[in-house]
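See structure below.
The values are calculated or read from the model by the stated rules, or taken from the named source; none is laboratory data. Here the structure is a predicted model, which is why all the values come from computation and not from measurement. Cβ placement follows ideal geometry from the backbone for every residue including glycine, while neighbour counts extend to all protein chains displayed.
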Amino acid sequence: MSETTRLADQIRRAFDGDAWHGDSLFEILDGVDAKVAAAHPIKNAHSIWELVLHTAAWDGAIIKRIGGAALELRDEQNFPPVKDTSEAAWRKAIEHAKRTHSELVKAVAAFPDSRLQERVPGKTESYHDFFYTFSGIVQHELYHAGQIALLKKAQSR
């Protein structure tokens, strides 16, 4: 099995399931409706919805970096605002996140192992190569999955 196939599998597990640590991001989101997703039960914390949009934004950014773009997300791209809090808008946000994540998994799986040590476009640090980025996106998604779990729990009391 290639290294990028293994990395793609780890990215998929963090998002979709069968992760070693426990529930994945989408397992945690099971049963979350638009009202819960849009709520801010913890002062000065992002909502579940904002975190879902944020993870999708970074999945999309990594896809663009794989394609050669030296991309940095602006504030409104990093945490896109939630303007419509309807159930239809929540379903649309979930589908967008799933679609973007699926594209990322496919892009990483197709990425040549021989390029893993190449520096990511626009990054100047010597350690910021594609291996670092692909490993980091797993950490990023699990970090936010933990936040989402706490936000969900805070609302079920």
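Some points to look at:
- For the stretch 96-126, filtering for residues that are modelled with pLDDT of 95 or more and touching a Leu at 6+ places or on another chain (Cβ under 9 Å) leaves 7.
- Condition met for GLU27 (in contact (Cβ under 8 Å) with a residue 12 or more places away in the chain and under 17 Å from the mean Cα position of the chain (by Cα)): no
- Of the residues making up the stretch 63-76, those that are assigned to a helix (DSSP H, G or I) and either at pLDDT below 95 or hydrophobic (A, V, I, L, M, F, W, C) (or both) are ILE63, ILE66, ASP75, GLU76.
- When we screen ASP113, ASP59 for residues that are crowded, with 16+ Cβ neighbours inside 10 Å and acidic (Asp, Glu), the only hit is ASP59.
- Qualifying residue in the stretch 63-70 (condition: within 24 Å of PHE130 (Cα to Cα) and under 11 Å from the mean Cα position of the chain (by Cα)): no
- When every residue of the stretch 79-94 is checked against the conditions, none turns out to be farther than 24 Å from SER47 by Cβ, in a helix (DSSP H, G or I) and not acidic (Asp, Glu).
- All conditions but one from (1) more than 9 Å from ALA145 (Cβ to Cβ); (2) outside any loop (DSSP other than H, G, I, E, B); (3) aromatic (Phe, Trp, Tyr) apply to TRP20; the one that does not is (2).
- Residue in the stretch 144-153 that is touching a strand residue (DSSP E or B) at 6+ places or on another chain (Cβ under 6 Å) and surrounded by fewer than 20 Cβ atoms within 10 Å (Cβ to Cβ) present: no
- Residue list for the stretch 14-52, restricted to those being modelled with pLDDT under 90, within 14 Å of GLU141 (Cα to Cα) and of a type in the set (Asp, Glu): ASP16, ASP23
- Cβ pairs under 7 Å, 6+ apart, first in the stretch 92-108 and within 19 Å of GLU3 (Cα to Cα), second among the basic types (Lys, Arg) and in a helix (DSSP H, G or I): VAL105/ARG12
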